[in-house]
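This report refers to the structure that appears directly beneath it.
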Amino acid sequence: AGFAYYFAAFAALPVLSRWLQSAAGMPPLRAALVLTIQLAAFVVVSLVFGARLHRAPRTWVLGGGTVITGLACLPGAALLWRPDWTGLIAVLVLTGIGSAIVSPVLPAVAATVAPPGRAGAAAATANAARQLGLTIGIALCGTISRSVDAGSGEPTTGAVVAALLISGAVAMCG
């Protein structure tokens, strides 16, 4: 779950940032503010539901949050019809919600299912899986963006959609 939801939620962000600055013509600060929509959704869900998530069935929390994060990438396809930054709002809000469901619970679940002497290692491994998902995801989304861009040097709308759809597919398979 850690690899998949981190990949889906965060790996396409560098491509989105480049697209917002080039295709949408935003200055870097404005592009960053658009991307903070995801952070805002994450923080609100974590604050409101964080304690309850620890009491919910683990499979629902980890699986459900990962599925929400994966499905959240699908609205990005709407950018093909209307290539405007507002088309990213649903993606950012829903990936923020999905990742906020999984994030506080994943290390705790890993620690509780491991033998007592291995709880710390299990939680660290869960965190490492998240980082690996992010690292591989950024590399893959960047590679996809470069190949779809056809040498323009800037991400096209098609590159953004491709990165989002691949990210969502990884979460659904994870």
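Observations, loosely collected:
- Over the stretch 30-172 - Rg/Rh using Cα atoms and the Kirkwood inverse-distance radius: 1.03
- Lys/Arg +1, Asp/Glu -1 at C-beta; the chain dipole; positive extreme among 139, 110, 38: 110
- Cβ charges +1 (Lys, Arg) and -1 (Asp, Glu), total dipole of the chain, debye: 420 debye
- Between 11, 111, 163, the GNM of the chain built on Cα springs shorter than 10 angstrom shows 111 fluctuating the most.
- Comparing 145, 17, 99 in a Gaussian network model of the chain, where Cα atoms under 10 Å apart are tied by springs, the biggest mean-square fluctuation is seen for 17.
- Rolling a 1.4 Å probe across the protein heavy atoms gives the stretch 62-131 an accessible surface of 44 Å² per residue.
- Relative contact order [Cα under 8 Å, 6+ residues apart], the chain, whole percent: 41 percent
- Label-point separation, residue 172 to residue 154 (7 Å along Cα→Cβ), nm: 3.1 nm
- Alpha-carbon centroids, the stretch 1-39 and the stretch 46-85: separation in whole Å: 16 Å
- Spin-label pair residue 54/residue 77, simplified geometry with 7 Å Cα→Cβ offset, distance in nm: 3.9 nm
- Rounded tilt (10° steps) of 28-55 against the dominant C-alpha axis of the chain: 20 degrees
- Max mean-square fluctuation residue, GNM over the chain, Cα-Cα springs under 10 Å, options 43, 91, 34: 43
- Ligands, DNA and RNA left out, the 1.4 Å accessible surface of the stretch 55-131 is 71% carbon and sulfur atoms.
- Between residue 124 and residue 36, residue separation times 0.36 nm minus the direct Cα-Cα distance comes to 29.0 nm.
- Look at the alpha carbon pairs under 8 Å that are at least 6 residues apart: their mean separation over the length of the stretch 88-174 gives a relative contact order of 16 percent.
The values are calculated or read from the model by the stated rules, or taken from the named source; none is laboratory data. In this text the structure is predicted, and so the values were computed from the model without any measurement. As a convention, Cβ positions derive from the backbone with ideal geometry for all residues, glycine included, and neighbour counts pool all protein chains shown. To get the accessible areas, we keep the full protein, side chains included, count just its heavy atoms, and leave off ligands, DNA and RNA. Shrake-Rupley method; radii C 1.70, N 1.55, O 1.52, S 1.80 Å.
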